[in-house]
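Comments concern the structure below.
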Amino acid sequence: MARPRIVLRDPNRFKDPANLSWERYVALQARERERYLAERATLPEDALAYRTVSPRYLERAVDQFANNYYSELSATHYIATAAANAPFDELKKCCLFQLADEQRHLEMDAEVFHRAGIPERDWLPAWEAPGTTCRFFRHVLELEDSVEILVKANFVAEGAAGPGTFAVLADGAEARGDLFSAVNHRARVRDETRHISFARALVKALIEDDPANLDVIQRWQDESLQLFVEVARGGARREWWDGFLGSYYKIALPLGLRPTALPSF
Ligand SMILES: [Fe+2]
Ligand SMILES: [Fe+2]
């Protein structure tokens, strides 16, 4: 069966909520970078060398590091596809700025792996193991339609992994002595918030353009959340999963979407 597609008939309905130009974007990124480096500079050398965490923490955290690193790596690829195939320039611009953000996040997460002393050969197997975000991102990487990519990856996945879950991740890492991951999560969330808001503006424009688009968006939401279920299977990451769905429904339900039927744990 052919994949359903959505076309925004009136592209003027979509405006970048952050109202960024190249000049404004570069200035904003420079400020972000300065803030990040200042926060990182407050971390003790021992924390940056991962001597403040237990060996057991590191063993278990490899999964989480892989979820962080490979979702950012995937993001650099799928958002480049979305930019290349963008149906109008305002959307292409948002995708291109996001591409630069995701590259920065990717480098932060690679540094975590290196500083924690995890050999590169262990990274990919950790992500391909059951219970990670791998299945969802591999699905998105197969897509070519910009609107479908942005609805699934930015609106659903980033909307879900938004402020709530990054706060859980940051606090959890900090409580276990992983101060570097905590600083990274708090830095990343400021960009992700912008990615979510332009995707939300796109979804809103699509529904206003043609209310029948809501059904296709609902279907994309259901497909996406079902691919994420395994991350919470067996009750692992319960707190994370509740925050994940909670963050997403907070933005999706007011737009007329319904909760997805998911197995309970
Ligand atoms: Fe990111
Ligand atoms: Fe993002």
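The values are calculated or read from the model by the stated rules, or taken from the named source; none is laboratory data. Just so you know, these numbers come straight off a predicted model, no measurement behind them. As a convention, Cβ positions derive from the backbone with ideal geometry for all residues, glycine included, and neighbour counts pool all protein chains shown. Heavy atoms of the whole protein, side chains included, go into the accessibility calculation; ligands, DNA and RNA do not. Shrake-Rupley method; radii C 1.70, N 1.55, O 1.52, S 1.80 Å.
Would you check which residues across the range 193-219 are part of a helix (DSSP H, G or I), of a type in the set (Asp, Glu) and either buried (at least 24 other Cβ atoms within 10 Å of the Cβ) or in contact (Cβ under 8 Å) with a residue 40 or more places away in the chain (or both) and list them?
Taking the range 193-219 and keeping what is part of a helix (DSSP H, G or I), we get 193-209, 213-219.
If we keep only those that are of a type in the set (Asp, Glu) too, we end up with 208-209, 215.
If the condition is that a residue be part of a helix (DSSP H, G or I), of a type in the set (Asp, Glu) and either buried (at least 24 other Cβ atoms within 10 Å of the Cβ) or in contact (Cβ under 8 Å) with a residue 40 or more places away in the chain (or both), then Glu208, Asp209 are the ones that fit.
Looking only at the range 233-263, which residues are under 20 Å from Gly131 (Cα atoms), assigned to a helix (DSSP H, G or I) and more than 17 Å from the chain's Cα centre (by Cα)? Passing the criteria: Arg233, Gly234, Gly235, Arg238, Glu239. Just need a number here: residues in the range 170-192 that are among the hydrophobic types (A, V, I, L, M, F, W, C), open to solvent by 20 Å² or more (accessible area, probe 1.4 Å) and within 14 Å of ligand 1 (Cβ to nearest atom). The number of residues fulfilling the criteria is 1.
Among the residues examined, Glu230 does not qualify as assigned to a helix (DSSP H, G or I), open to solvent by less than 20 Å² (accessible area, probe 1.4 Å) and over 23 Å from Asp10 (Cβ atoms). Within the range 87-110, being acidic (Asp, Glu) and either over 18 Å from the mean Cα position of the chain (by Cα) or more than 16 Å from ligand 1 (Cβ to nearest atom) (or both) holds for Asp89, Glu90.
Quick one: in the range 74-97, of everything that is in contact with a Phe, Trp or Tyr (Cβ under 7 Å, 6 or more places away or on another chain) and not hydroxyl-bearing (Ser, Thr, Tyr), which residue is nearest to Ala110 (Cα to Cα)?
We begin by selecting, within the range 74-97, every residue in contact with a Phe, Trp or Tyr (Cβ under 7 Å, 6 or more places away or on another chain); these are 74, 90-91, 94, 97.
Cutting the leftovers down to not hydroxyl-bearing (Ser, Thr, Tyr) gives us 90-91, 94, 97.
Details: Glu90: 31, Leu91: 29, Cys94: 25, Phe97: 20 Å.
For the range 74-97, the residue satisfying everything is Phe97.
So for the range 143-158 (the condition being surrounded by fewer than 16 Cβ atoms within 10 Å (Cβ to Cβ) and not in a loop (DSSP other than H, G, I, E, B)), does at least one residue qualify? For the range 143-158, residues surrounded by fewer than 16 Cβ atoms within 10 Å (Cβ to Cβ) and not in a loop (DSSP other than H, G, I, E, B): absent.
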